[in-house]
Amino acid sequence: MTYPNQQVKPISTKINDKGNLSISNIDLLDLAKKYKTPLYVIDKPTLEKMAKDYIEAFSIYNKTNILFASKALMTGAVAKVLASLGLGFDVVSKGEMFVLLNAGVGLEKSSFNGNNKSQEEIEFAIDNRIDHFSVDNFFELKELNSIANKKNKVQKIHLRITPNIECHTHDYIKTGQIDSKFGFPLDKIDKAVSLVLNEYKNLKLTGLHAHIGSQIFETQPYYDLVSVLLNEIKKIKDKYSYELTEINIGGGLGITYTKADNPPSVFDIAKIVVQSIDDNTKKLNLKKPILYIEPGRSLVCSAGFTLYTIGSIKEIENIRKYITIDGGMADNPRPSMYEAKYEAIIVNKKEENKQELVTVAGKFCESGDILIKDIELNNPQSGDILCVFDTGAYCYSMSSNYNSSLKPAMVMIDEGKDKLILKRQTLNQLVQNDIID
Ligand code: LLP
């Protein structure tokens, strides 16, 4: 059995009677006409399936709290769907907290992460009753204690640590190695704990947190991570007679962007994590901790796709044929940042079968704005609609207004129904902060 994070396309992708690509019983050609392109689309049934898979997979350990890593995709409508299934949120900025609150989602199940939280952000999180902070460094410990003190509050915290675990992924999205800007190195944990227990009376330390990287295809690093966290908890218990009761293992589970990717399922991850908890709590004589996980990509990515219209086509004989779309690095910077690979299909071309090797170029003024290098497409022509899969995570959230382009709209589809959940930006919004003389 394959799970959505192991599939390139949303769960109900098919070709309909008209010969067009359809997802959730929505004809994607009609959708592109109705909302124009570029268009981000989220398939609600796939999104819900991914969240329910997480819930089911971790039901083998009933002390689990699932926090969606908001940085992967932050819109009010998506947050509401995930909150309604009982998930909390990992937030990293006042902006992310604001989007949640604006959607009517409270912060009482959420964790505030980040390596340089401002005073204003700290105050905002406390005032809006965030469940806990994952404190990243000594500067923040002091700052948070002093703000909590002024507010007469004892704030629950975890310490984010750098566990020194190697996972094989792109260097830019690795976070667990020693040379990382995130977290307390292992040899500084003792000092941090001692400060919290002895000096910072407005902080209540309940657990340790770590995140080892993103788009991970192995299960062993998760076993090792739980071992590191529980070993540190044991050292703290032995020295301070104080047992931390919570661990947060971050996110990172990979997904299948192209057929070359082969990630484990969330069930494989749950099994190895719980195995490690069992083994290590027995070995170290510790209580079974409350477990937090923070999936981002593997919760939303496969539910999302982007529709583009093909415009100009340039053929350099015997070298390459460029198919240019009406979007690119401004709505999906991942290929130019991480050499990320994607799969795509022409929405309106079932009957023909003239596969051609082409390169999909973006429209932005950079040679590096290539969305997909070398892909077989079915007789691509100007005016055709191209569907690029797996754009649910880190595309809208990392989009920009490069070349003064407007950010695309986002639509949520659900069994024959479509709903606009994010309006396309307007030219007026582009200049609304301009001050002219
Ligand atoms: N928890 C923490 C503390 C994180 O820093 C991250 C991601 C996550 C959870 C969620 O990780 P995920 O399950 O999504 O792998 N922009 C890059 C990914 C950066 C990930 C940053 N941190 C990309 O487009 O591939």
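For region 204-284, the Cα-based Rg and Dmax, in that order, read 14.5, 50 Å.
In the chain, helical runs assigned H by DSSP with n ≥ 4 each contribute -39500 (n - 2.57); averaged across all residues and rounded to the nearest 500, the mean residue ellipticity at 222 nm is -8500 deg cm²/dmol. Positive end of the dipole of region 1-68 (Cβ unit charges, origin at the Cα centre): among Pro10, Ile26, Pro38, the Cα lying farthest that way belongs to Pro38.
Using +1 at the C-beta of Lys and Arg and -1 at the C-beta of Asp and Glu, which of Gly252, Gly207, Gln275 has the Cα lying farthest in the positive direction of the dipole of region 181-291? Going by the charge dipole, the pick is Gly207.
Any of Lys151/Lys201; Lys188/Lys235; Lys153/Lys181; Lys259/Lys407 with alpha carbons more than 23 Å apart? Name them for me.
Lys153/Lys181; Lys259/Lys407
Within the accessible surface of the chain, defined with a 1.4 Å probe on protein heavy atoms only, the carbon and sulfur portion equals 49 percent.
Here the average projected area of the convex hull drawn through the C-alpha atoms of the chain stands at 23.3 nm². Per the Debye formula on identical point scatterers at the alpha carbon atoms of region 80-219, with no solvent, log10 I(q)/I(0) at q = 0.09, 0.21 Å⁻¹ is -0.29, -1.26.
Return one number: the angle in degrees, 0 to 90 and rounded to the nearest 10, between the long axis of the Cα atoms of helix 138-150 and the longest principal axis of the Cα atoms of the chain. With both axes taken from Cα atoms, the answer is about 70 degrees. Computed over the alpha-carbon pairs of region 86-138, the distance histogram in 10 Å steps reads 27, 60, 12, 1 percent, short to long.
Take the Cβ atoms of Met337 and Lys33, set R0 to 30 Å, and the FRET efficiency comes out at 0.45. With θ taken as phi - 60° and the Karplus curve 6.51 cos²θ - 1.76 cosθ + 1.60 applied, the whole-hertz 3J(HN,Hα) list for region 264-271 is x, 8, 5, 5, 5, 5, 4, 4 Hz, x standing for glycine and proline. Each peptide in 277-290, 134-147, 379-392 gets a packing score, the mean of other Cβ atoms within 10 Å over its residues, and the list from highest to lowest is 379-392, 134-147, 277-290. Only the Cβ atoms of Lys and Arg (+1) and of Asp and Glu (-1) were treated as charged; on that basis the dipole of region 1-137 about its Cα centre amounts to roughly 560 debye. Summed over all non-identical Cα pairs, the Kirkwood treatment of region 253-337 gives a radius of 17.4 Å. Checking the table Lys52/Lys419; Lys33/Lys349; Lys9/Lys314 against a 20 Å threshold on Cα-Cα, which pairs fail? Violating the 20 Å Cα-Cα cut-off are Lys52/Lys419; Lys9/Lys314. Taking a sphere under 9 Å around the Cβ of Val411 and counting the other residues whose Cβ falls inside, with K and R at +1 and D and E at -1, yields a net charge of +1.
For region 1-150, how big is the tail of P(r) above 23 Å, as a whole percent of Cα pairs?
50
Probing with 1.4 Å while keeping every protein chain in the model, the per residue accessible area of the chain equals 44 Å². Label-to-label distance, Leu186 versus Asp279, with points set 7 angstrom from Cα along the beta-carbon direction: 1.6 nm. Once the Cβ-Cβ distance between Ile436 and Asn401 is put in as r, and R0 is 25 Å, what FRET efficiency do you end up with, to the nearest 0.05? The calculated FRET efficiency here is 0.90. Here's the list of aspartates and glutamates a cross-link from Lys36 could span, going by alpha-carbon distance under 16 Å and ignoring same-chain residues fewer than 8 apart: Asp27, Asp326, Asp331, Asp384, Asp418. Here the average projected area of the convex hull drawn through the C-alpha atoms of region 314-437 stands at 10.1 nm².
The values are calculated or read from the model by the stated rules, or taken from the named source; none is laboratory data. All figures in this text were calculated on a predicted structure; none of them were measured in a lab. Reconstructed Cβ throughout: ideal geometry from the backbone, glycine too, with neighbour counts over all protein chains shown. Side chains are part of the model used for accessible areas, which takes the heavy atoms of the whole protein and leaves out ligands, DNA and RNA. Shrake-Rupley method; radii C 1.70, N 1.55, O 1.52, S 1.80 Å.
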